[in-house]
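This report concerns only the one structure given below.
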Amino acid sequence: MSNEQTQGKLASAISSEVMIEVNNMNKWYGAFHVLKDIDLTVHKGERIVVCGPSGSGKSTLIRCINALEEHQEGDVIVDGIKLGKNLKNLDHIRTEVGMVFQNFNLFPHMTILENLILGPIWVRKMSKAEAIETAMMYLERVKIPEQADKYPGQMSGGQQQRVAIARSLCMNPKIMLFDEPTSALDPEMIKEVLDVMVELAGTGMTMIVVTHEMGFAKTIADRVIFMDEGDIVEQNKPAEFFENPQHERTKLFLSQIL
Amino acid sequence: MAIIKAEKTTARPAPLFETSVIGWLHKNLFSSAFNTLLTGFMLYIIYLTVSGVFVWGFADATYVAKNRRECYDNSLTGACWAGVIHWLDNIFYGRYPRDQIWRINFGGLLLVLWMAPLWMSRVKGKVLVGATVVVFYPFIAGYLFSGGDKGLFMQFTIAGAIVAFAINMANMITGQTKNLGLNVFLIQMLGQTKATDNAQRNILLLLTALAFGAAFVWQMGWTVEGITWTKWGGLFLTLVISGIGIASSLPGGIILALGRRSKLTVIRVLCVGFIEVFRSVPLITVLFMATTMFPLFMPEGFVLNKLAQVIIAVILFNACYMAETVRAGLQAIPKGQYEGAHTIGLGYWKMMGLIIMPQALKHMIPNIVGSFIGLLKDTTLVSIIGLFDILGMLRSISKDMPWIGLHKEPLVFGAILFFILCFSMSKYSRHLEVKLSAGERH
């Protein structure tokens, strides 16, 4: 899908501070080796797009970064804290890392506003008034403040995904992870979600996005990572990645999707 | 070549056949000669049944008589409701002293009043209302029903119950009339709206403490005469057993269900074992075990009354069924909900309490209420181990000399009572389902 956004490239604001460090990480699902010797360093403010064929381990990689999945070997260090069995650390990491899912995962029994203020009130211990103020600010930013009292089931997919993004932002995270945020959406709604993400990228948020939206990747990415069968096969600046792929597998993949 | 439809098609009304009463009748009752015949036949059978019941139960029935002989003298083919009417107090209250029956009625009224705010949309703080009922009502009701000396502990809990009830009622009034919670109303009355949250809370705590002191002094004055549980009976006893069973088996079931899904092996195995053992044994066996075997395992001199043993047995038995119901509900919640809760940093208990349980329980309302109905009906089994619950009372009518042999009428009356109780529960659950799923479509 070629987007108008592909024209203007966002200025990047990468700092030297390391946000995420993955050292020689391995993960198995049972006997199946999903992630193989992954090394990855993400700096503060860096925007990374991860792509690759299905089953290549893209989603698993970012799910390991906020400890939704356990890895078996190697280290994952997020915001200076090493992920491990320590549950206190886990909850802390999860409050600092926002995540947006393919299926939104909003809480259907709560209104939009209740979805948004839940984390700030129960985890961040904010007062209710303050939480509502923050929530309305972010709803404003994803351009649906008038829907605050609706239930998720009454909204379109694109609106739900924007709410999911706002819900993560309400926790004031340092890192945002996106797991195929537009894959479950009707084509008409993809753009409204991507627009919100592009705007977010402009604020200097550290982002890792698993997506097949190549136009979007060209606009916002500082680096594109291509994965295949659990390996990071190739990584490069988007311009070079798309115009001059090096690895055979990358060439084949790009020839099929572009 | 493009094919274009220039005009928008307007919507037309459906064919009359789909929407009219005659259409419905034709489609459902008289669609063919054979179906018409069947309809006529069924109407005839319905007529026979209804008219038979009407003649027996109303037209030929006797309402006033001194004994069964008089009933027969009046009519041989009609029901003898006189016996049931004569025994009505026993059916409802068992052998509870007649001059003390007000205590049971008052206890029931208290419960209804206490729960009333839960059904009023303008009242604030419903969770607190529900919590105070569960925490305080059993103590004050327990004392009302059994009476006797109040120990210091009972004095404290009764004073607590009085304060909680009074706060509830005041909260209901401010909610209904001013649309405010009692706390907000009091702060406004005292002109402390500008005070800090902490100061406001302290004022409210102080007021509560004062109220508690007053209630404590007030309740010291009154006592009611002791009535042992052996005098409890009838519908009252049935409602006590099933009420406690219903109120305790749901939380018990939730704990067991969470235990069964726990990652800790010891807890999981214990819960699975407990659930499977109790589910594989008929309730009547559990009741016999509780009343005959249980005392054998207890230390010498430890005496628990039979009613308490029965109630514990009913709770354990139903908690195990409830656990499986709740587990089914938990399994219906998609993994994404857990992950959504994780990503905003909720820990296990907050995730369960705020995200997973509310959804699971809502899906489970029909099954949970089904279990409650089953529980209410199952409690009639206690008549077998010698408690005079409603069924026990109904059956003893036929052994009472003036009414000897009167089986049918009491049992029909009991059936009607149970139908009213169970059907209203079922209707209420349906109402809850609709209310809770308002605005939510998947």
Derived scalar couplings ³J(HN,Hα) [the stretch B:173-182; Karplus, 6.51 cos²θ - 1.76 cosθ + 1.60; whole Hz; x for Gly, Pro]: 5, 5, x, 6, 8, 10, 6, 10, x, 4
Helix-only mean residue ellipticity at 222 nm, chain B, DSSP H runs n ≥ 4 weighted -39,500 (n - 2.57), per residue, nearest 500. What is it? -21500 deg cm²/dmol
Search the structure for amide H atoms under 5 Å from the amide H of residue A:46, placed 1.01 Å from N in the peptide plane, and list their residues when 5 or more places away or on another chain. A:15, A:207
Compute, for the stretch B:52-116, the length of the dipole vector about the Cα centre, with Cβ point charges of +1 (Lys, Arg) and -1 (Asp, Glu) only. Units Debye, rounded to 20. 220 debye
With the convex hull built on the alpha-carbon atoms of chain B, volume per residue in Å³ sits at 317 Å³
Please work out the C-alpha center-to-center distance from the stretch B:49-79 to the stretch B:283-311 and express it in whole Å. 44 Å
Can you give me the Kirkwood hydrodynamic radius for the protein assembly as shown, using every pair of distinct Cα atoms, in Å to one decimal? 31.5 Å
Pairs to check: B:66/B:399; A:58/A:143; A:82/A:174; A:125/B:350; A:36/A:58. Give those whose C-alpha atoms are more than 19 Å from each other in this structure. A:58/A:143
Per-residue HN-Hα couplings for the stretch B:54-67, Karplus 6.51 cos²θ - 1.76 cosθ + 1.60 at θ = phi - 60°, whole Hz, x for Gly and Pro? 5, 4, 5, x, 10, 4, 9, 6, 10, 9, 10, 6, 8, 8
Diagonalise the Cα gyration tensor of chain A and give the resulting equivalent ellipsoid semi-axes, square root of 5 times each eigenvalue, largest first, whole Å. 29, 23, 17
Calculate, axis by axis, the spread of Cα positions in the stretch A:60-168 along the three principal axes, and write the results as whole Å, longest axis first. 46, 30, 23
Euclidean distance of C-alpha centroids, the stretch A:198-221 and the stretch B:326-374, integer Å: 35 Å
Using only C-alpha positions, report the orientation-averaged shadow area of the convex hull of the stretch B:102-226, nm², one decimal. 8.2 nm²
Under a crude label model (7 Å from the Cα following the beta-carbon direction), how far is residue B:222 from residue B:28 in nanometres? 5.3 nm
How high is the relative contact order of the stretch B:102-226, in percent, with contacts defined as C-alpha pairs under 8 Å that are six or more residues apart? 32 percent
Orphan Cys of the protein assembly as shown, criterion: no other Cys C-beta under 4.7 Å: A:51, A:64, A:170, B:271, B:320, B:422
Which of the trypsin sites (Lys or Arg not before Pro) across the stretch B:274-355 are loop residues per DSSP, with 12 or fewer other Cβ within 10 Å? none
Per the helix-only calculation at 222 nm, which mean residue ellipticity applies to chain A, given -39500 (n - 2.57) for every DSSP H run of n ≥ 4 and division by its residues, nearest 500 deg cm²/dmol? -11000 deg cm²/dmol
Taking the Cβ of each residue in B:127, B:369 as the centre, tally the other Cβ atoms inside 10 Å and list the residues starting with the fewest. B:127, B:369
Overall form of the stretch B:146-281 per C-alpha gyration tensor (a/c, 1.5; a/b vs b/c): oblate
About the Cα centre, and with charges only on the beta carbon of Lys, Arg (+1) and Asp, Glu (-1), how big is the dipole of the stretch B:1-159? Nearest 20 debye, please. 600 debye
5 Å is the cut-off here: which amide hydrogens, built 1.01 Å from N in the peptide plane, fall below it relative to residue A:225, excluding neighbours closer than 5 in sequence? A:49, A:50, A:51
In this model, which of B:362/B:408; B:150/B:194; B:8/B:435; B:150/B:408; A:88/B:435; B:124/B:427 are farther than 32 Å apart at the alpha-carbon? B:362/B:408; B:150/B:194; B:8/B:435; B:150/B:408; A:88/B:435
Reachable aspartates and glutamates, given that their alpha-carbon falls under 13 Å from the alpha-carbon of residue A:191 and they are not under 8 places away in the same chain: A:4, A:199, A:213
Considering only DSSP states other than H, G, I, E and B, which GluC sites (Glu not before Pro) in the stretch B:1-95 qualify as loop sites with at most 13 other Cβ atoms within 10 Å? B:7
In debye to the nearest 20, how big a dipole does the stretch B:102-226 give about its Cα centre with +1 on each Lys and Arg Cβ and -1 on each Asp and Glu Cβ? 420 debye
Residue among B:131, A:185, B:302 farthest towards the positive dipole end of the protein assembly as shown, charges placed on Cβ: B:302
Total formal charge among the other residues, if their Cβ is under 13 angstrom from that of residue A:44, Lys/Arg +1 and Asp/Glu -1: -4
Other residues with Cβ under 14 Å from the Cβ of residue B:147 give, with Lys and Arg +1 and Asp and Glu -1, a net charge of 0
Can you give me the C-alpha center-to-center distance between the stretch B:191-268 and the stretch A:85-155, rounded to a whole angstrom? 33 Å
DSSP-defined beta bridges in chain A - what % are antiparallel, rounded to 5: 55 percent
Which of the aspartates and glutamates could a cross-linker span from residue B:377 if the Cα-Cα distance has to be under 18 Å and same-chain partners fewer than 8 positions apart are dropped? B:389
For the protein assembly as shown, give me the percentage of DSSP beta bridges that are antiparallel, rounded to the nearest 5 percent. 50 percent
What does the charge count near residue A:102 come to, summing +1 for each Lys or Arg and -1 for each Asp or Glu among other residues with Cβ under 10 Å from its Cβ? -2
List, in order, the whole-Hz ³J(HN,Hα) value for each residue of the stretch A:216-222 obtained from phi through the Karplus relation with A = 6.51, B = -1.76, C = 1.60 and θ = phi - 60°; use x for Gly and Pro. 4, 4, 4, 5, 9, 6, 8
Toward the positive end of the charge dipole of the stretch B:102-226, about the Cα centre and with charges on Cβ (Lys, Arg +1; Asp, Glu -1), which of B:191, B:212, B:166 goes farthest? B:191
Considering only B:289, A:230, A:15, whose Cα is most displaced toward the positive end of the charge dipole of the protein assembly as shown, charges sitting on Cβ of Lys, Arg (+1) and Asp, Glu (-1)? B:289
Give the average, rounded to an integer, of partner chain Cβ atoms located within 10 angstrom of each Cβ in A:115-125. 3
So how compact is the stretch B:32-142: Cα radius of gyration and Dmax in angstrom? 24.2, 66
With label points built 7 Å along Cα→Cβ from the Cα atoms of residue B:64 and residue A:29, find their separation and express it in nm. 8.1 nm
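Bear in mind these aren't lab numbers, they're just calculated from the coordinates by the rules spelled out. As the structure is a computational prediction, the values presented were derived from the model and not from experiment. All Cβ positions, glycine included, derive from the backbone under ideal geometry; neighbour counts span all protein chains shown.
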